[in-house]
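Heads up: the structure comes next, in structure tokens.
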Amino acid sequence: MKKTVQDIMQMIEVNDIKMIDFKMVDINGQFRHVTIPAKHFSEETMRSGIGFDASNYGYAVVEKSDMVFIPEPDSAVIDPFCEIPTLSMTGNAMIIDNPENRPLAQYPRNIVLAAEQYMKDTGIADTMLILPEFEFYLFDQVGWEVRPDSIGMQIDVDQAIWNSGSESRGCVVPRQKGYHVAKPFDASYECRSEMCLLLEEMGIPIKYHHPEVGAAGQFEIEPQLGQMSKMADATMMIKYIIHNTAMKYGKTATFMPKPVMGEAGNGMHVHMLLLKDGEPVFSDDNGYSHLSKTAHYFMGGLLRHIASLCAITNPSTNSFKRLVPGFEAPVTVGYATSNRSAVIRIPAYAKSPKLRRFELRNPDATCNPYFCYAALLMAGLDGVKNQIDPHESGWGPYDMNLYTLSDEEKAKLQGLPTSLDQALDALEADHDYLTAGGVFPEQLLKNFIAAKRAECREMAAIPHPAEFDRYYNL
């Protein structure tokens with residue numbers, strides 16, 4: 001049952017709420033917020049919203065930047081990290097028009113809702129369920145500086161291999177051997193358990209949490225399958241909870257794709273499936289890995305557009321330091337069952353017809369989740385509409401370890417982009433599937449590409465400490 005304004009007012013009274021916090025999302029997928037005293041909150045607030053300047057969020061041009069944020073009642077939760085009792089809400093951005101407001105097409109939450117509506121309009125399905133896996137590192141210390149006279153970073157994790165010579169550090173986990181280690185090696189267990197309990201309290205069901213492969217403090221929290229638009233909201237809250245709970249325990253969390261040299265990177269694998277009238281669209285007992293033709297066409301759309309998708313699913317220069325061979329990250333455009341070296345993996349354990357699905361393994365959590373999930377849906381739907389068969393297109397199934405192929409065999413395979421610049425080139429050349437039905441506005445993609453191009457230029461101009469190691473004495 002949807003919450004009403006009266007439900008919100010009751011939450012405020014029962015919990016002695018003093019402040020109302022409105023969380024908005026910028027073009028990079030980060031929360032920004034505005035807070036008002038609870039005594040000034042009313043039904044009019046929910047109807048008229050809170051004004052803000054969208055140009056500072058990366059969306060609108062300055063001349064047309066005045067927008068209004070409309071809170072979503074169902075998103076109301078008590079923020080566990082505020083000492084003063086605070087109710088938090090997300091919502092949608094609207095353009096101020098007379099006599100009515102209309103959705104800001106560039107706002108991330110509106111895009112994911114538009115993608116869901118486009119899916120329904122095609123008749124292919126009416127629901128997309130997704131399950132993102134959140135990999136992250138917990139560091140005990142971190143610091144960095146980028147100055148003309150000093151460029152560098154330092155991290156420390158008590159149980160990392162570089163602390164093996166210190167008697168005071170306790171148990172040390174060997175490099176790349178962190179997967180599912182138990183106490184006393186799993187020193188952040190209580191921290192992660194609290195993260196999961198907080199998420200459950202916020203209505204985000206959690207499947208499990210565990211240590212990941214990276215021994216220098218890498219972990220994973222996995223929610224349960226959820227509707228795409230709701231999971232986009234949940235993704236923002238999951239990252240918020242992880243960051244803030246880590247700070248409470250004296251640690252710092254990062255979703256940076258490759259923060260530690262020589263250790264596994266942080267991905268955000270996305271499992272996905274479609275339903276129509278409550279029935280699975282992707283299931284077929286006679287299909288490869290029990291997947292239907294529609295599922296294969298959907299995979300075909302993802303693989304056809306994977307290079308341009310990478311600009312949205314992996315939108316940082318650091319993303320492509322994770323997408324390299326040797327660390328269970330995908331580098332090959334293809335699909336297979338139970339094969340982590342292909343960009344699309346079909347989990348063999350998903351045997352129930354209603355759970356048959358596949359996962360896309362290249363995304364990472366530096367993405368804007370609203371853009372990411374909407375783009376995946378649009379690429380998949382394009383594959384279904386155009387009947388893009390991944391097998392006939394030469395993308396598999398690859399039921400072998402792609403990392404161990406000979407150089408001659410690898411040369412025959414199509415690879416993912418190796419840099420953000422390459423991915424942006426692909427997005428400029430291939431984005432009609434995103435703008436179909438007006439889901440992704442052309443101007444948003446231009447703004448996004450321009451901002452990311454600027455990032456690439458800036459990063460390319462900064463000397464790297466490893467360059468001193470390699471070139472200083474030449």
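The values are calculated or read from the model by the stated rules, or taken from the named source; none is laboratory data. The shown structure was predicted, so the numbers you read here are calculated from the model rather than taken from an experiment. When we count neighbours, we look across all protein chains shown, and the Cβ atoms used for this are built from the backbone with ideal geometry, even at glycine.
Within the group Asn362, Asn339, which residue is touching a Pro at 6+ places or on another chain (Cβ under 6 Å), within 26 Å of Glu220 (Cα to Cα) and buried (at least 19 other Cβ atoms within 10 Å of the Cβ)? Break it down stepwise before answering.
Values: Asn339 fails: touching a Pro at 6+ places or on another chain (Cβ under 6 Å).
Checking each option against the conditions leaves just Asn362.
Show me the helices (runs of 4 or more DSSP H) entirely contained within the range 214-327 in which 1 or more residues are closer than 25 Å to Ser341 by Cβ and either in the same structural domain as Ile346 (by TED's automatic domain parsing) or hydrophobic (A, V, I, L, M, F, W, C) (or both). Show your work before the answer.
Working: elements: 228-248, 293-304, 306-313, 319-322.
Fully inside the range 214-327 and qualifying: 293-304, 306-313, 319-322.
Failed condition for His180, given (1) surrounded by 14 or more Cβ atoms within 10 Å (Cβ to Cβ); (2) over 20 Å from the mean Cα position of the chain (by Cα), with all others met?
So the condition that His180 fails would be (1).
Restrict the check to the range 396-405 and report whether at least one residue is assigned to a helix (DSSP H, G or I) and of a type outside the set (A, V, I, L, M).
Going through the range 396-405, the residues assigned to a helix (DSSP H, G or I) turn out to be 402-404.
Now restrict to residues that are of a type outside the set (A, V, I, L, M): 403-404.
Yes, the range 396-405 contains a residue that is assigned to a helix (DSSP H, G or I) and of a type outside the set (A, V, I, L, M).
When you scan the range 422-438, do you find a residue that is surrounded by fewer than 18 Cβ atoms within 10 Å (Cβ to Cβ), assigned to a loop (DSSP other than H, G, I, E, B) and small (Gly, Ala, Ser), even just one?
Checked the range 422-438: no residue is surrounded by fewer than 18 Cβ atoms within 10 Å (Cβ to Cβ), assigned to a loop (DSSP other than H, G, I, E, B) and small (Gly, Ala, Ser).
Sort out which residues of the range 328-362 are closer than 23 Å to Gln176 by Cβ, part of a loop (DSSP other than H, G, I, E, B) and at pLDDT 85 or above, and write them in order of number.
Matches in the range 328-362: Pro330, Pro347, Arg361, Asn362.
Please tell me if Thr254 is buried (at least 23 other Cβ atoms within 10 Å of the Cβ), closer than 24 Å to Lys321 by Cα and either modelled with pLDDT under 95 or β-branched (Val, Ile, Thr) (or both). First the steps, then the outcome.
Values: buried (at least 23 other Cβ atoms within 10 Å of the Cβ): no; closer than 24 Å to Lys321 by Cα: yes; either modelled with pLDDT under 95 or β-branched (Val, Ile, Thr) (or both): yes.
In short, no.
For Ile8, state whether it is in a loop (DSSP other than H, G, I, E, B) and either modelled with pLDDT of 90 or more or surrounded by fewer than 18 Cβ atoms within 10 Å (Cβ to Cβ) (or both). Walk me through it before giving the result.
On the way: in a loop (DSSP other than H, G, I, E, B): no; either modelled with pLDDT of 90 or more or surrounded by fewer than 18 Cβ atoms within 10 Å (Cβ to Cβ) (or both): yes.
Spelling it out, it is not the case that Ile8 is in a loop (DSSP other than H, G, I, E, B) and either modelled with pLDDT of 90 or more or surrounded by fewer than 18 Cβ atoms within 10 Å (Cβ to Cβ) (or both).
Cβ-Cβ under 6 Å, sequence separation 6+ or interchain: first residue in the range 379-401 and surrounded by 23 or more Cβ atoms within 10 Å (Cβ to Cβ), partner among the charged types (D, E, K, R) and in a helix (DSSP H, G or I). Which pairs?
Sorted first by the residue in the range 379-401, then by its partner, the pairs are Ile388/Arg304.
Within the range 130-143, can one find any residue that is more than 25 Å from the chain's Cα centre (by Cα) and in a strand (DSSP E or B)? Explain how you work it out, then say what you get.
Start the filter on the range 130-143 by keeping residues that are more than 25 Å from the chain's Cα centre (by Cα), which leaves none.
No, because not a single residue in the range 130-143 is more than 25 Å from the chain's Cα centre (by Cα) and in a strand (DSSP E or B).
Being in contact with a strand residue (DSSP E or B) (Cβ under 9 Å, 6 or more places away or on another chain), under 28 Å from Asp79 (Cβ atoms) and without any contact (Cβ under 8 Å) to a residue 60 or more places away in the chain narrows it down to one residue among Leu131, Leu197; which is it?
Numbers: Leu131 fails: without any contact (Cβ under 8 Å) to a residue 60 or more places away in the chain.
Going through Leu131, Leu197 in turn, just one is in contact with a strand residue (DSSP E or B) (Cβ under 9 Å, 6 or more places away or on another chain), under 28 Å from Asp79 (Cβ atoms) and without any contact (Cβ under 8 Å) to a residue 60 or more places away in the chain: Leu197.
If only one of Ala38, Ala54 is outside the structural domain of Ala232 (by TED's automatic domain parsing), more than 28 Å from Ile312 (Cα to Cα) and among the hydrophobic types (A, V, I, L, M, F, W, C), which one is it? Before the answer, list the steps.
Details: Ala54 fails: more than 28 Å from Ile312 (Cα to Cα).
Sole residue among the options that is outside the structural domain of Ala232 (by TED's automatic domain parsing), more than 28 Å from Ile312 (Cα to Cα) and among the hydrophobic types (A, V, I, L, M, F, W, C): Ala38.
Take the range 322-372 and flag every residue that is touching a Gly at 6+ places or on another chain (Cβ under 9 Å), hydrophobic (A, V, I, L, M, F, W, C) and closer than 20 Å to Met256 by Cα.
Leu323, Val324, Phe327, Ala329, Val331, Val343, Ala365, Cys367, Phe371, Cys372, listed by residue number.
What do you reckon, is Met261 out of contact with any helix residue (DSSP H, G or I) (no Cβ under 7 Å at 6 or more places or on another chain), at pLDDT below 95 and within 25 Å of Leu323 (Cα to Cα)? Step through it out loud before you land on a result.
Working: out of contact with any helix residue (DSSP H, G or I) (no Cβ under 7 Å at 6 or more places or on another chain): yes; at pLDDT below 95: yes; within 25 Å of Leu323 (Cα to Cα): yes.
In short, yes.
Take Val173 and decide whether it is part of a loop (DSSP other than H, G, I, E, B) and on the phi < 0 side of the Ramachandran plot.
Details: part of a loop (DSSP other than H, G, I, E, B): yes; on the phi < 0 side of the Ramachandran plot: yes.
So Val173 passes the test.
For the range 12-43, what are the residues that are surrounded by fewer than 17 Cβ atoms within 10 Å (Cβ to Cβ), more than 21 Å from Tyr370 (Cα to Cα) and of a type outside the set (Ser, Thr, Tyr)?
Glu13, Val14, Asn15, Asp16, Lys18, Ile36, Pro37, Lys39, His40, Glu43
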